[in-house]
Amino acid sequence: MKFQKDKLVVEVYGNRELMGKAAGKDIADSIKNLLKKQEEVNIIFAAAPSQTDVFKYLKEADDVDWRRVNAMHMDEYHTLNNNHSAKFANFLERELFSNINLKNIYYLKERDETKEEIIAKYQKILKNNKIDIVICGAGENGHIAFNDPHVANFQDKELIKEITLDEACRIQQVNDGCFSSLDEVPKQAITLTIPALMSANQIFCIVPGKLKHQAINKLLKGEITEEVPVSIIRTHNQAKLYLDQDSYIG
């Protein structure tokens, strides 16, 4: 099923595998088309189990010249040890980056950097690399990246900032299997802001699973509001939302 909500194109698939394959093919085609017109492509990747179906397709897309692709990621637990399995950098490395030959990978935190150093470094990276594609999901609380409702700002003046996670977001990290208990989930993180994500030429938003149904219902039927931060993608000129039956029907 395919329909449109404001500017947002929505596609619903029978299961996660079909959803991931469709999104992966569209992303791969977009990369190939961009590389016909420009030397490099800059992509921001979300790090979450909801993206693994897409990553499965992308790491098998051997007709994409990944050597001309620069990868960035959108949020990180900067207080976790660099070797912690739940760090988003490690997730992306395991699930995708180690399987494709990227030109550059710009991790939010690579060494023992302070939050001020991380933010200054990544602001420079974002300003020097126009974002072509964002591959994202949506949180159970409607967040995009780690822009939870209480910190979401559609007019944010910053490109990246430190935030405090709300409890619903932290519970999701347990639901996703990233942590075994709520006490283990960090309370602070660093995230790209909503204007930084919206600056991309294209947004591919992939959201499977029953636990996301409430957020998707608000995204598609409610107002465009910072209380449902991901709803902002309805205003983007080239955004596409991929759902499975569970996230769409509930």
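The values are calculated or read from the model by the stated rules, or taken from the named source; none is laboratory data. All figures in this text were calculated on a predicted structure; none of them were measured in a lab. All Cβ positions, glycine included, derive from the backbone under ideal geometry; neighbour counts span all protein chains shown. Heads up: the accessible areas ignore ligands, DNA and RNA and are worked out on the full protein's heavy atoms, side chains in. Shrake-Rupley method; radii C 1.70, N 1.55, O 1.52, S 1.80 Å.
Worth pointing out:
- Filter pass, ALA86 being touching a helix residue (DSSP H, G or I) at 6+ places or on another chain (Cβ under 8 Å), modelled with pLDDT under 95, small (Gly, Ala, Ser) and on the phi < 0 side of the Ramachandran plot: yes
- Scanning segment 137-150 for residues that are surrounded by fewer than 20 Cβ atoms within 10 Å (Cβ to Cβ) and either touching a strand residue (DSSP E or B) at 6+ places or on another chain (Cβ under 6 Å) or at pLDDT 95 or above (or both) yields PRO149, HIS150.
- Of the strands (runs of 3 or more DSSP E) that lie entirely inside segment 115-207, those containing 1 or more residues that are within 17 Å of the chain's Cα centre (by Cα) and more than 21 Å from ASN90 (Cβ to Cβ) span 133-136, 160-164, 202-207.
- The single condition among (1) closer than 25 Å to GLU40 by Cβ; (2) touching a residue at least 60 places away in the same chain (Cβ under 8 Å) that THR79 does not satisfy is (1).
- Taking the numbered list (1) over 12 Å from ALA138 (Cβ atoms); (2) aliphatic (A, V, I, L, M); (3) open to solvent by 70 Å² or more (accessible area, probe 1.4 Å) in turn, ILE171 passes all entries but (3).
- Per this entry, ASP148 is not counted among residues that are more than 27 Å from VAL12 (Cα to Cα), among the charged types (D, E, K, R) and either touching a helix residue (DSSP H, G or I) at 6+ places or on another chain (Cβ under 9 Å) or without any contact (Cβ under 8 Å) to a residue 40 or more places away in the chain (or both).
- Under the condition of being open to solvent by 10 Å² or more (accessible area, probe 1.4 Å) and under 18 Å from ASN153 (Cα atoms), the residues counted in segment 212-250 number 12.
- Within the option set VAL185, VAL134, being open to solvent by less than 10 Å² (accessible area, probe 1.4 Å) and more than 22 Å from THR225 (Cα to Cα) holds for one residue only, VAL185.
- Selection within segment 159-176 - acidic (Asp, Glu) and free of Cβ contacts under 8 Å to residues at least 60 places away in the same chain: ASP166, GLU167
- Qualifying residue in segment 191-211 (condition: more than 26 Å from TYR107 (Cβ to Cβ), without any contact (Cβ under 8 Å) to a residue 24 or more places away in the chain and either open to solvent by 20 Å² or more (accessible area, probe 1.4 Å) or not polar (S, T, N, Q) (or both)): no
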